1. Output the residue which, of all residues in the range 8-37 that are in a helix (DSSP H, G or I) and touching a residue at least 60 places away in the same chain (Cβ under 8 Å), is farthest from residue 157 (Cα to Cα).
2. Would you confirm whether or not the range 111-131 contains a residue that is in contact with a Lys or Arg (Cβ under 8 Å, 6 or more places away or on another chain), within 14 Å of the ligand (Cβ to nearest atom) and either assigned by TED's automatic domain parsing to the domain that holds residue 34 or basic (Lys, Arg) (or both)?
3. For the range 98-119, enumerate the residues that are closer than 19 Å to residue 54 by Cβ and surrounded by 20 or more Cβ atoms within 10 Å (Cβ to Cβ).
4. Which ones in the range 194-214 are part of a helix (DSSP H, G or I) and among the small types (Gly, Ala, Ser)?
5. Could you list, in sequence order, the residues of the range 139-168 that are within 16 Å of the ligand (Cβ to nearest atom) and more than 16 Å from the chain's Cα centre (by Cα)?
Amino acid sequence: MRIDILCLFPEMFVSPFSHSIVRRADEHGLVDVVTHNIRDFAHDRHATVDDYPYGGGAGMVLKPEPVFEAVEHVWHATGLVDAPVILLTPGGRPFSQRIAAELAAYSQFTLICGHYEGIDERVSQYLATDELSIGDYVLTGGELAAMVVVDAVVRLVPGVLGSGESAAEESHAAGLLEYPHYTRPEEFRGWKVPSVLLSGNHAEIAAWRRRQSVLKTAARRPDLLDNVTLSDKERAWISESLLNRS
Ligand code: ADE
């Protein structure tokens with residue numbers, strides 16, 4: 001997989017991508033992350049990439065020409081013009097595990113990191129194939145959002161996670177939050193590990209974990225349950241726990 005990132009601060013990616021799972025994926029030749037500075041595609045000798053907003057208002061707007069030309073440069077370099085071009089913006093679709101899995105199935109995609117007060121609307125209308133937001137808050141630029149997207153996608157690329165790590169069981173993979181984890185010691189400051197986890201009974205452990213997942217999701221993120229199929233028994237667990245709380 002190849003991921004191209006167009007941004008104004010490529011140096012921001014150096015440290016995060018040289019430690020994490022992204023580095024491992026890169027070393028194994030599974031993922032190639034290439035950053036590009038939008039400023040390199042500016043037209044004047046001052047490398048201007050922003051300008052005042054038409055109609056007035058606060059802040060500067062990222063100009064369309066360098067952004068279009070940076071994407072066209074990627075198209076020329078890779079020969080692929082139909083890969084997704086994703087603009088990171090607080091106005092985008094909420095990024096989710098499902099979208100991460102969709103992106104992990106592509107052999108290539110491009111991320112555009114916005115900056116300043118905004119980016120010229122023609123980028124969104126005529127260049128980007130999608131727009132993503134990583135949450136309902138405003139970051140200074142799209143770089144941190146791009147790191148989040150790349151991290152979540154890369155770990156889903158087959159072969160990136162080691163055999164001991166599983167992307168299938170974790171939070172959100174099944175649409176539910178993950179069950180609690182424990183490790184040694186068996187008792188810490190008087191707090192004991194649930195006895196079922198020490199029982200060696202795999203069926204009981206699986207049932208306990210499922211129940212914990214369902215109840216935790218119902219308590220913390222009931223909105224997620226709209227997209228999950230639960231059995232009658234599981235629905236009864238939720239009603240019971242709600243009764244016990246009130
Ligand atoms: N750029 C600024 N804020 C952002 C957000 N919440 N998500 C994606 N890109 C952004």
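The values are calculated or read from the model by the stated rules, or taken from the named source; none is laboratory data. What you are looking at is a predicted structure, and each value in this text was computed from that prediction instead of being measured. Virtual Cβ from ideal backbone geometry, glycine too; neighbours counted across all protein chains shown.
1. Applying the filter and picking the extreme gives 12.
2. Yes - at least one qualifying residue is present in the range 111-131.
3. Within the range 98-119, 114, 115, 119 qualify.
4. Correct list: 195, 203, 206, 207, 213.
5. If the condition is that a residue be within 16 Å of the ligand (Cβ to nearest atom) and more than 16 Å from the chain's Cα centre (by Cα), then 140 is the only one that fits.
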